[in-house]
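Below is one structure, written out as structure tokens; the observations come after it.
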Amino acid sequence: MSRVQSDSLFDEQAPARRVRNGLPTNDLVFSAYAEGNDYVFPRIMDLYVAPRSVVADVTFGKGVFWRNVPNGMYELRATDIQTGIDCRALPYGDGEIDCVVLDPPYMHSPGGTAHTVHQAFEHHYRNNGTGNRTNKKYHEAVLSLYEDAGVEAYRVLRNRGVLIVKCQDEVCSNRQRFTHVEIMQAYEQLGFVAEDLFVVMRKNRPGVSRAVKQVHARKNHSYFMVFWKSDGSKRVWEAP
């Protein structure tokens, strides 16, 4: 279901919008789920991206997000670094895409040994600082990847196009890094508007290989964040 927002988002004096002729229901899209990405992602798409939209999933991987999205619902352009297309250098024209989906590696691998599921991405994206574009390391390299990909997403999206981003907070060098907040702040500087936030909980219990004393809460959730590309005006946002 496509959504249109009211002018009251930009005008505090506007009267409250009243919805008439609606039916009571609890069949709604919620902000937090214990189900997996393949359950949550289609609901986000239903809420924010109209059928037949041109969607560029620029970190497609094995296509987990799309398992429960009906074939043909969207004009999907599926790419990733291992097929030769970097999310920081997309082969699309300016303003060509209705929606971009971004899910890069969102944790660093100290010493190249932790988070082995991301090691292939570490090799390509250089998140340990061994050849990345800014020579940043660890969490700062992760943020740099998100920021560079955000710049490219902004370029290829049409005005008021939708950006869906997957990320996770982490503890780096014994310091809490609220990645979703840092990304939100960086993207707002680029010209995106933060529209929504979804929490996805892990089903299994995360652990550590060498537990001495726990200092911070272990992360067992990640986020989907939804942004839209501002055209610099205060016009209402409307799904494609």
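The values are calculated or read from the model by the stated rules, or taken from the named source; none is laboratory data. These numbers were taken from a predicted model, which means no experiment stands behind them. Cβ: placed from backbone, ideal geometry, glycine included. Neighbour counts: every protein chain shown. Please note that ligands, DNA and RNA were not included when accessible areas were found on the heavy atoms of the full protein model with its side chains. Shrake-Rupley method; radii C 1.70, N 1.55, O 1.52, S 1.80 Å.
Quick one: is residue 143 surrounded by 16 or more Cβ atoms within 10 Å (Cβ to Cβ), more than 21 Å from residue 38 (Cβ to Cβ), of a type in the set (A, V, I, L, M, F, W, C) and at pLDDT 95 or above? It is false that residue 143 is surrounded by 16 or more Cβ atoms within 10 Å (Cβ to Cβ), more than 21 Å from residue 38 (Cβ to Cβ), of a type in the set (A, V, I, L, M, F, W, C) and at pLDDT 95 or above. The set of residues in the range 183-197 being part of a strand (DSSP E or B) and either in contact with a Ser or Thr (Cβ under 6 Å, 6 or more places away or on another chain) or not aromatic (Phe, Trp, Tyr) (or both) consists of 193, 194, 195, 196, 197. Contact map, the range 42-71: first residue within 16 Å of residue 163 (Cα to Cα) and β-branched (Val, Ile, Thr), second residue open to solvent by 20 Å² or more (accessible area, probe 1.4 Å) and part of a loop (DSSP other than H, G, I, E, B), Cβ cut-off under 6 Å, separation 6 or more or different chains; pairs are 55/74; 59/103. Only one entry of 97, 85 meets the criterion of being touching a strand residue (DSSP E or B) at 6+ places or on another chain (Cβ under 7 Å) and of a type in the set (Val, Ile, Thr), and that entry is 97. When residues in the range 80-109 are screened for being at pLDDT 95 or above and among the β-branched types (Val, Ile, Thr), 3 of them pass. Scan the range 151-176 for residues that are buried (at least 19 other Cβ atoms within 10 Å of the Cβ) and in a strand (DSSP E or B) and jot them down. If the condition is that a residue be buried (at least 19 other Cβ atoms within 10 Å of the Cβ) and in a strand (DSSP E or B), then 157, 161, 162, 163, 164, 165, 166, 167, 170 are the ones that fit.
Can you confirm whether residue 237 is surrounded by 16 or more Cβ atoms within 10 Å (Cβ to Cβ) and at pLDDT below 70? For residue 237, the condition - surrounded by 16 or more Cβ atoms within 10 Å (Cβ to Cβ) and at pLDDT below 70 - is met.
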